[in-house]
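Enquirer: Following this message is one structure expressed as structure tokens.
The values are calculated or read from the model by the stated rules, or taken from the named source; none is laboratory data. Worth saying up front: this structure is predicted, and the values here are computed from it rather than measured. Here the Cβ positions follow ideal geometry from the backbone for every residue, glycine too, while neighbour counts run over all protein chains shown. Side chains are part of the model used for accessible areas, which takes the heavy atoms of the whole protein and leaves out ligands, DNA and RNA. Shrake-Rupley method; radii C 1.70, N 1.55, O 1.52, S 1.80 Å.
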Amino acid sequence: MTTLPLAWIVSILTSIAAFALSQDTRIPFIARFFFCIFLLTLAAAGLLLGLRLSFDTRWAAQLQPLVAVMIAPSAYLGFDALTQNGASEWRKPLLVNGVPVVLAQVMIMSDLPVSADVFVLGFTSTYLFRVARLLPCNADDFVHVAPHALRILRSAVYATIFLLGMMVASDLLVVAASVLAGDAIVLRFLTGLSGVFTAFIFVVALVGAPMLLRSTRSSFASPESATHSDRALLAKLDAIMNDQNIYTDSNLTLARVARRLSVPVRDVSVAINRVTGENFSRYINGFRIRHAQDALRATELPITEVMFDAGFISKSSFNTEFRRITGQTPSQYRSGRAND
């Protein structure tokens, strides 16, 4: 009877963590959405586990694998969303990753002579590998994460890898025990490990996620880490931005900027990081948002036109960056200026 309280308590805690994440507007909506699904599926799995073990509820046993196949993909999509620059970019990953999940759920509900555990193990193992592939990404790849928070992000990725790895191991042990031993006590013990792993990821999500995307300037990289050449290079880049407005080009890349300055790409990235504490995307978006602020103050252009003129191609990305920098939506900013 010790598994029931653990599983249900963890379900409550992960639900609370999901609610806390949903309120943290520093995290892009799409990333919050998938991370909340991740936590809620863990909570649902714990709830069903408690029902299955303590009450031998048959429908809970049938629902559990349908929920379990969603856990690892939603975790991956949450991290992947932090690398997506616009609203339209996440639709393809959602389709590519969502369709197989739905198909797996359909097959689990069918009368195929394949254990549901095979699908759960397959999905968890696959996405364990896919999450691990995010580790080599740098600050410029995670466009919604401030450079100083990259270490925290990687810690969260490691924690998720640990959780998924333990889920794979425990599920394999549960399957082996059910086939070879059939001992209910062993099954309860092994399945109860899922509650421990869920508690582990709950702590990571509740404590680490609010820290992940803190963007206050006080926590940025120390200016003392910037060299004289870094500041000189950034001053040259600032001059190009202010004089030529190249940030209005929606296809502007770090490589193209480096070619204009006739320096290696890494030098530009390092200079921006050391002097401003920002990655390239946030640095460019700062100019774009200031351009948009000027247009919203001085013209009556539609907000969508202001967005395109500033260099954004996605309304979601524009609104997210505008709120991050000004604390307001574009509409609120314009209304506030009109009332001044």
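Enquirer: Return the residues of region 147-179 that are within 14 Å of the chain's Cα centre (by Cα), modelled with pLDDT of 80 or more and open to solvent by 40 Å² or more (accessible area, probe 1.4 Å); say none if nothing qualifies.
Expert: If the condition is that a residue be within 14 Å of the chain's Cα centre (by Cα), modelled with pLDDT of 80 or more and open to solvent by 40 Å² or more (accessible area, probe 1.4 Å), then Arg154, Ser155, Tyr158 are the ones that fit.
Enquirer: A further question follows. In region 301-331, what count of residues is obtained for those that are modelled with pLDDT under 90, open to solvent by 20 Å² or more (accessible area, probe 1.4 Å) and either small (Gly, Ala, Ser) or over 25 Å from the mean Cα position of the chain (by Cα) (or both)?
Expert: 2
Enquirer: Another question, if that's okay. So if I check each of Arg297, Arg334, Arg256, which one is surrounded by 15 or more Cβ atoms within 10 Å (Cβ to Cβ) and out of contact with any Phe, Trp or Tyr (no Cβ under 8 Å at 6 or more places or on another chain)?
Expert: Arg334
Enquirer: Any residue in region 298-327 that is aliphatic (A, V, I, L, M) sitting within a Cβ distance under 6 Å of a residue that is open to solvent by 50 Å² or more (accessible area, probe 1.4 Å) and at pLDDT 90 or above? List the pairs, counting only those 6 or more apart or interchain.
Expert: Ala310/His291
Enquirer: Out of Leu40, Leu48, which single residue is modelled with pLDDT of 80 or more, over 22 Å from Ser316 (Cβ atoms), of a type in the set (A, V, I, L, M) and within 16 Å of the chain's Cα centre (by Cα)?
Expert: Result: Leu40 is the single residue among Leu40, Leu48 that is modelled with pLDDT of 80 or more, over 22 Å from Ser316 (Cβ atoms), of a type in the set (A, V, I, L, M) and within 16 Å of the chain's Cα centre (by Cα).
Enquirer: Please go through region 272-281 and pick out each residue that is farther than 15 Å from Ile240 by Cα, of a type outside the set (S, T, N, Q) and open to solvent by 10 Å² or more (accessible area, probe 1.4 Å). Walk me through it before giving the result.
Expert: If we filter region 272-281 for residues that are farther than 15 Å from Ile240 by Cα, which is where we start, we get 273-279, 281.
Add one more test, that the residue is of a type outside the set (S, T, N, Q), and what stays is 274-275, 277-278.
Passing the criteria: Arg274, Val275, Glu278.
Enquirer: Residues of region 226-241 being farther than 14 Å from Ser262 by Cβ and among the aliphatic types (A, V, I, L, M), which ones?
Expert: Ala226, Leu234, Ala235, Ala239, Met241
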